[in-house]
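Let me give you the structure first, and then I'll get to my questions.
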Amino acid sequence: QVQLVESGGGLVQAGGSLRLSCVVSGSTFSMKAIGWYRQAPGKQRELVADISLTGSTNYADSVKGRFTISRDNAKNTVYLQMNSLKPEDTGVYYCNRRYLSPGWPWGQGTQVTVSS
């Protein structure tokens, strides 16, 4: 059973930074492309960043230049460094496979709140 545990969220003022972590257990983490997703209040969950097996990254236009995704395969962990945070970055952040699979259930997520 795959388990995803996100952490690192919190309350921060606009312009601040946070670093999110996601630990994956129960699967061959190093062989999967991983994404960070967020769900803002009243909106659908969206992909904000992803990283391939080889470390290639992609970002949503809304976070490009501010967020950085990285991974440590030895620790089965993916990170999301978020700088220059804006109120519109507020939401629950989740990690999961870049290409979703029923075998990877969503974790509890981590709440990020950016105050203006």
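Might you tell me the accessible area per residue for the range 74-116, computed with a 1.4 Å probe and given in Å²? It would help to have the intermediate numbers written out before the result.
Working: 2080 Å² over 43 residues.
For the range 74-116, the solvent-accessible area averages 48 Å² per residue.
Sticking with this structure for a sec: Run the 1.4 Å probe and let me know the accessible area of Trp104, rounded to the nearest 10 Å².
Per-residue accessible area (Trp104): approximately 20 Å².
What residue among Ser17, Ser56, Ser30 has the largest mean-square fluctuation in a Gaussian network model of the chain, using Cα springs under 10 Å?
Ser56
What does the charge add up to near Gly35, with Lys and Arg as +1, Asp and Glu as -1, over the other residues with Cβ less than 9 Å from its Cβ?
Values: positive: Arg97, Arg98; negative: Asp50.
Surrounding charge for Gly35 is +1.
Out of all DSSP beta bridges with both ends in the chain, state the antiparallel percent to the nearest 5.
Details: 34 of 38 bridges.
Given both bridge residues lie in the chain, the antiparallel proportion sits at roughly 90 percent.
Okay, next question. For Lys43, give me every one of the lysines with a C-alpha distance below 27 angstrom, ignoring sequence neighbours fewer than eight places off in its own chain.
Lys32, Lys64, Lys86
Over the chain, what is the relative contact order in whole percent, taking alpha-carbon pairs under 8 Å and six or more residues apart?
Working: 281 pairs, mean separation 43.6, N = 116.
Worked out over the chain, it gives 38 percent.
Note down the Stokes-Einstein diffusion coefficient of the range 23-69 in µm²/s, whole number, using a Kirkwood radius over alpha carbon pairs, 20 °C, and 1.002 mPa s. Show your work: numbers first, answer last.
Details: Rh = 11.9 Å.
Here the translational diffusion coefficient equals 181 µm²/s.
Counting only protein heavy atoms and a 1.4 Å probe, tell me what percentage of the range 10-71's accessible area is made up of carbon and sulfur.
Details: 1620 of 3240 Å².
The computed percentage sits at 50.
Looking at the chain as a GNM with Cα springs under 10 Å, which of Ser62, Ser70, Ser25 has the largest mean-square fluctuation?
Fluctuation is largest for Ser62.
Under a crude label model (7 Å from the Cα following the beta-carbon direction), how far is Lys86 from Ser116 in nanometres?
Between Lys86 and Ser116, the simple spin-label model gives 1.2 nm.
Okay, moving on. Pulled fully out, how much extra length does the chain show between Ser62 and Ala33, if you take 0.36 nm times their separation in residues and subtract their Cα-Cα distance? Intermediate values should be presented prior to the final figure.
Values: separation 29, 0.36 × 29 = 10.44 nm, distance 2.07 nm.
Stretched fully, the Ser62-Ala33 segment lengthens by 8.4 nm.
Still on this structure, I have one more. Out of Asp72, Asp50, Asp89, any idea which swings most in a Gaussian network model of the chain, alpha carbons joined below 10 Å?
Of Asp72, Asp50, Asp89, the most mobile in the Gaussian network model is Asp72.
The values are calculated or read from the model by the stated rules, or taken from the named source; none is laboratory data. In this text, all values refer to a predicted model and were calculated from it rather than measured experimentally. Because the Cβ atoms are built from the backbone with ideal geometry, glycine has one as well, and the counts that use them run over all protein chains shown. These area figures cover heavy atoms from the full protein model, side chains too; ligands, DNA and RNA do not enter into them. Shrake-Rupley method; radii C 1.70, N 1.55, O 1.52, S 1.80 Å.
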